[in-house]
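Data block below; observations after.
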Amino acid sequence: MDNMLDHYQAVLRDLELRRSRCQKELGELEQTIAGIRKLLSTTASLFVSAPVAGVPAPSLEEDKKYAGMSVRWGVLKMMAEEAIEPLKTAQMALRLVNGGMSSSGKDFASNVSAVVSDMVNKRKELEPVGETSTYQLTDTGKLAWAAIKHSPRYLNRAVSATLQ
């Protein structure tokens, strides 16, 4: 019977810890929502424009969709939401730069290649496709992007990138 009680106590401690983490995350989400609402209420008049018929307004301008992101986040977003086929690292680098990502490094394509290598070998977020030197997103990468795009840090980045 003691073994069963120990088990229930361990489960209870685990559930309380999980609840605490969820409450913390919920608090962060509430802060993000409040910040965005405040931003919208104080600056809404600056961004009001006449709608253009038949043209949907993008959430981020096409040329700034990767602005303010790390290379890893940019690659995850690109591969999860935009790529319709496996891509080479040079293609990824070009799309990131065209999407507003900047780098102070000498060779941005080499930087992207190093990040992709880490995403393949350590994080298991990308995988090579055959002998073509192209990469595709793994289930781990899809899960990582799903978590990132809902995080307060990403959402705050998205708001500040639109205001720049």
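Between residue 7 and residue 88, the contour length at 0.36 nm per residue exceeds the Cα-Cα span by 24.2 nm. Of the two radii for the range 62-163, the radius of gyration is 0.95 times the Kirkwood radius, both from the alpha carbons; that is the Rg over Rh value. The H on the amide N of residue 134, modeled in the peptide plane, is under 5 Å from the matching H of 129, each at least 5 residues off or on a different chain. Note on 87, 26: ascending count of other Cβ atoms within 10 Å places them as 26, 87, the fewest first.
In the structure shown, do any of 64/124; 124/149; 24/122; 24/77 have a Cα-Cα gap over 23 Å, and if so which? Exceeds cut-off: 64/124; 24/122; 24/77.
Values quoted throughout were computed directly from the atomic coordinates according to the rules given, and no laboratory measurement underlies them. This one's a predicted model, so the numbers in the text were calculated from it and none came from an experiment. Cβ coordinates were reconstructed from backbone atoms using ideal geometry, including for glycine residues, and neighbour counts include every protein chain displayed.
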